[in-house]
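Peer 1: Take a look at the following structure, please.
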Amino acid sequence: YPLGPSAGNITQLFRLVLGYLVFIGLATAFRRSPRAHSLVLAMIVATSVHFAMGWIDIITFSAGIDNVLDFVRTANYTIRVTDTMAGLKRMIGGFPEASSFGFFSLGLFGFWLQYWLAMRRSRAAPWMLAMATIAVLRSTSSSAYLSLIVFLIGFAVFNFFRFLRPEAERRSIAVTVAGALLLWLAAVGATASYQMVEPVTAFFDDILFDKMESDSGVERMSWNTQALVNFTDTWGIGAGLGSVRASNWLIACLGSIGVLGTALFLAFLTAFILSPAGPPGDARNAAVRGAKAGVFAMLSSAILTHSTPDLGLFIFALSGAATGLSRAAVGESLRPETGAVAPRS
């Protein structure tokens, strides 16, 4: 279609501004009141509600009353509540489709994996991590599965370099080594099952190996091609928010907001990832690192499938809360100690 104004220009701008306001609001609130417990409690509530709604979706569909969650699914999208994958009902919870459900689940999984490793005495962390893991796996979203693999590899590489530091946690080392062994065993088991068990073969073909040849895969690749054409046709300026749709966050940024906008977005994410987390072993340190891991997990998915520059409110919320906690820690470290005795002249 020829480039022209559309409703998407307004709605995408509104969504991105809303994400900016969420970031600024939470960053300010957590900087003024730097209580890591508030962020952890919010994540406990979010994980519990998300997990419960996912299973309510499955149970009500099996009972033939799949309209129970209609009061939650109020967005003007096609709700894929009846979709199945290899005979399994796809879990969507309060979301319109399995991929968006899996995207949110990845953020929860990344947060709780890092928080559980950093806070060994937390009673809630292992339960929340189990819920988030089940939600990701049960979503039957191919993008969530691929993103999970990418995230775990990146997470393992990052922790490997942390092993070289003297403050590396023994628990992180043990879990990473054990996780690598379990991942290898799982890969061996999955390969054998794929070759020998017909239902497993059909499942992996549907969600992974035949995905790019499906109508959805072909359509998504055509979006990326067109977005790159728009990027070159506008001499790197971009066609504007809401004018371009892609199936890759980076390509969507280039086609929509051009080189300058993409560079600013990447600078924002880099500054957040590199922000200080406070002293190791501290609750604030664990919460900030957990938020960074959650954002990294969702970015792993966005790079593969996201259609617009807007990364969603959950990423802006996590990055805003973590930024506020980080800035508060920096401010406290620069603040002079009270009660210090002045040196004699």
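The values are calculated or read from the model by the stated rules, or taken from the named source; none is laboratory data. What you see is a predicted model, and the numbers here were worked out from it, not measured in a lab. With ideal geometry, Cβ positions are generated from the backbone for all residues, glycine too; neighbour counts draw on all protein chains shown. The protein model used for the area step is the full one, side chains on, heavy atoms only, and it has no ligands, DNA or RNA in it. Shrake-Rupley method; radii C 1.70, N 1.55, O 1.52, S 1.80 Å.
Peer 1: Please go through region 17-28 and pick out each residue that is surrounded by fewer than 18 Cβ atoms within 10 Å (Cβ to Cβ), under 13 Å from Asp310 (Cβ atoms) and in contact (Cβ under 8 Å) with a residue 60 or more places away in the chain.
Peer 2: Across region 17-28, the qualifying residues are Leu18, Tyr20.
Peer 1: Another question about this same structure. For region 71-89, check the following and say yes or no: at least one residue is in a loop (DSSP other than H, G, I, E, B) and open to solvent by less than 30 Å² (accessible area, probe 1.4 Å).
Peer 2: yes
Peer 1: Separate question: So in region 32-70, with the set limited to residues that are of a type in the set (Phe, Trp, Tyr) and within 21 Å of the chain's Cα centre (by Cα), which one is least open to solvent (accessible area, probe 1.4 Å)?
Peer 2: Phe51
Peer 1: Restricting the first residue to region 125-139 and requiring it to be touching a residue at least 24 places away in the same chain (Cβ under 8 Å), which pairs with a second residue that is of a type in the set (Val, Ile, Thr) and assigned to a helix (DSSP H, G or I) meet a Cβ separation below 9 Å and a spacing of at least six or different chains?
Peer 2: Met128/Ile44; Met128/Thr47; Met131/Thr47; Ala132/Thr47; Ala135/Thr47; Arg138/Ile58
Peer 1: Among the listed residues Thr305, Thr338, identify the single one that is touching a Phe, Trp or Tyr at 6+ places or on another chain (Cβ under 9 Å) and modelled with pLDDT under 85.
Peer 2: The unique qualifying residue is Thr305.
Peer 1: Which ones in region 218-235 are open to solvent by 90 Å² or more (accessible area, probe 1.4 Å) and outside any helix (DSSP H, G or I)?
Peer 2: Trp235
Peer 1: Whether any residue in region 90-97 is of a type outside the set (Phe, Trp, Tyr), free of Cβ contacts under 8 Å to residues at least 12 places away in the same chain and open to solvent by 50 Å² or more (accessible area, probe 1.4 Å) is what I want to check.
Peer 2: Going residue by residue through region 90-97, those that are of a type outside the set (Phe, Trp, Tyr) are 90-94, 96-97.
Among the residues that remain, those that are also free of Cβ contacts under 8 Å to residues at least 12 places away in the same chain are: none.
No, region 90-97 has no match at all.
Peer 1: Consider Met91 against the criteria (1) over 21 Å from Phe314 (Cα atoms); (2) at pLDDT 85 or above: it satisfies all of them except one. Which criterion is unmet?
Peer 2: That leaves (1) as the condition not met.
Peer 1: (1) surrounded by 20 or more Cβ atoms within 10 Å (Cβ to Cβ); (2) at pLDDT below 90: which one isn't true of Ala132, the others all being true?
Peer 2: (2)
Peer 1: Considering only region 243-257, how many residues are modelled with pLDDT of 90 or more and touching a helix residue (DSSP H, G or I) at 6+ places or on another chain (Cβ under 7 Å)?
Peer 2: So the count comes out to 7.
Peer 1: Same structure, new question: Could you check, for region 39-58, whether at least one of its residues is small (Gly, Ala, Ser), more than 21 Å from Asp282 (Cβ to Cβ), in contact with a helix residue (DSSP H, G or I) (Cβ under 6 Å, 6 or more places away or on another chain) and modelled with pLDDT of 90 or more?
Peer 2: As a first pass, look at region 39-58 and keep what is small (Gly, Ala, Ser): 42, 46, 48, 52, 54.
Keeping just the survivors that are more than 21 Å from Asp282 (Cβ to Cβ) gives 46, 48, 52, 54.
Next cut, in contact with a helix residue (DSSP H, G or I) (Cβ under 6 Å, 6 or more places away or on another chain) only: 54.
Okay, now just the ones that are also modelled with pLDDT of 90 or more, so 54.
Taking every residue of region 39-58 in turn, at least one turns out to be small (Gly, Ala, Ser), more than 21 Å from Asp282 (Cβ to Cβ), in contact with a helix residue (DSSP H, G or I) (Cβ under 6 Å, 6 or more places away or on another chain) and modelled with pLDDT of 90 or more.
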